[in-house]
Each structure stands twice: as structure tokens, then as C-alpha cells.
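The values are calculated or read from the model by the stated rules, or taken from the named source; none is laboratory data. The shown structure was predicted, so the numbers you read here are calculated from the model rather than taken from an experiment. Counting neighbours? That spans all protein chains shown, and the Cβs are built from the backbone with ideal geometry, glycine included.
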Amino acid sequence: MLTSIMHLKHLLYAGVLFFATAIHAQEVTKLRIDPATAMGGQASSLIAEISFTPLESGPESTFGSINRLEVTRQYYIILDWATKAILIFDKAGKFHAKIKAKAVSNDVNYTIYSFWYHKDKQEICIPCRNEQVYFNLDGQFIRRTKTDAYYDKKYIGNGKTAGSAYGADKRNKDSIAYQVVVMDDKGIVQQYLPYNFRTANVPARDMLHSNHSVFYPHNDSSVFFCASIRL
């Protein structure tokens, strides 16, 4: 399902891609709403409970903003671009661990712009140029692996990960690439949304990147994919 919305000269297109662990097609229920007849409602009819958890503030745990958040059964994992770090708090708000940019790269100008969480292995993966750097939930380094391309990733269960990358440019070779892939430990197993690496209508410079991932969780085995382009 592909929808388009134009707003402030930006075109936002959202694709709902379901990556089942068995890679089978799933039926999607469509809800049609008429905005002209839509009625308001009380938040209490939608939200059962709201709880406020203050996060511990100290010399090591202070951060400027939440640029990305991952919630696990035990922890809140927060990416803060201002301090170039990933901070980990337990569900009571107590500071647990911190991963600084210098633990990922020796380059003093390096900033952690993204990460993804591998739920089964309980590992935090941070992309760094042509590498992926892994840490545990105690903020301890585990390993580095080489990668041919940078992918924004989201773990979808059963050892599989959804990944997205887009690099269309007239300077590239005339070849086919895929904007969305599904990977396991051995490599890419499924590919979606093909485009020409050189002649695609939308160049990579027109892809809009904000402080969120292009993947949004749907359930334990599927995700929503959403990307936006500049007109």
C-alpha cells in the first residue's frame, strides 16, 4: 500500500511492508475514514494508563535530546546527538550504561547518528562507515564486522533484520539496487523496491533524513517502512 501526501513542498510516501519471518504475504485490513465526519474523543477511551518515569540525571547520564529511542523489556536505550552517545537506563529510570562515540571510532569528528537493537542477541549495533560495531546492554564492546553498504536496520525476529539504503546518483554505474532488503547472519535473503543506481528519478540527495528510523515496529515479525523525498 503506497500513499502520498504533499506538505510544505515535501512529498511523503509511506509503504507498508510486512516482513514475516517466513516471508509470506499477509492480508492488510484497510480502514477508510471520512475526515469531514470524524468525531473527537476522550484520551481515556484509548489510553488505559499513563506513567511518568524520571531518568536519573548526573555527570554521566545527562543528555540533550532523544534523537532515537528503543524500549526493551529491561531498558530504555537513548541516542543523543548532542553528547555523541547512547545512554541506557533501566525501567525505573536509573542510569545503567553509556556508549560514547570514541568507543565506536577513533575519529574525533565521528558522531553516532543511528543504531539498531538485536532483540534475540540483546546487542546494540552502531553503523560506522564500512563497519558495524556491536555492544552489549552494559555498554561493553563485543565485535566489529565489515559491511558493503550502510543500512538503516530494524530487527524483525527469527534471526532476520530489515534494512534500508538508497544511493541513486548520476555518477554511479548503471545497475539495479534495492531500497529495502531482509538479511540474516549469512547476508541478504530478500530484496524489495528496486531502483536504478544511476538513472532513478529521485537522487539520493533528495531523500529526507530526520531523527527517526525509516522502520516502525508493527509486531514481533513485521515492520512498517516509511520514507520521504524533497520536491
Mind listing just one residue for me: the one in the range 173-207 that is among the β-branched types (Val, Ile, Thr) and in a loop (DSSP other than H, G, I, E, B) and, of those, modelled with the highest pLDDT? THR199
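Take the residues of the range 128-163 that are among the aliphatic types (A, V, I, L, M) and buried (at least 17 other Cβ atoms within 10 Å of the Cβ): which is modelled with the highest pLDDT?
Residue satisfying both the conditions and the ranking: LEU137.
Every residue, every condition in (1) touching a strand residue (DSSP E or B) at 6+ places or on another chain (Cβ under 8 Å); (2) modelled with pLDDT of 90 or more, yes or no:
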residue	(1), (2)
ILE5	yes, no
LYS9	yes, no
THR29	no, no
SER45	no, no
SER51	no, no
LEU55	yes, yes
THR62	no, yes
THR72	yes, yes
Among the residues of the range 169-189, write down those that are under 18 Å from the mean Cα position of the chain (by Cα) and surrounded by fewer than 16 Cβ atoms within 10 Å (Cβ to Cβ). ASP184, ILE188
Residues of the range 208-228 being at pLDDT below 75 and either buried (at least 16 other Cβ atoms within 10 Å of the Cβ) or in the same structural domain as CYS125 (by TED's automatic domain parsing) (or both), in sequence order, are SER213
Verdict on LEU79 being crowded, with 18+ Cβ neighbours inside 10 Å and within 15 Å of SER213 (Cβ to Cβ): yes
Of a type in the set (Ser, Thr, Tyr), assigned to a loop (DSSP other than H, G, I, E, B) and crowded, with 16+ Cβ neighbours inside 10 Å, is that true of TYR166? yes
Determine if the range 139-148 includes at least one residue that is among the β-branched types (Val, Ile, Thr) and touching a residue at least 24 places away in the same chain (Cβ under 8 Å). no
When the range 81-103 is checked residue by residue, the ones that are of a type in the set (D, E, K, R) and farther than 21 Å from ILE142 by Cα are LYS91, LYS94
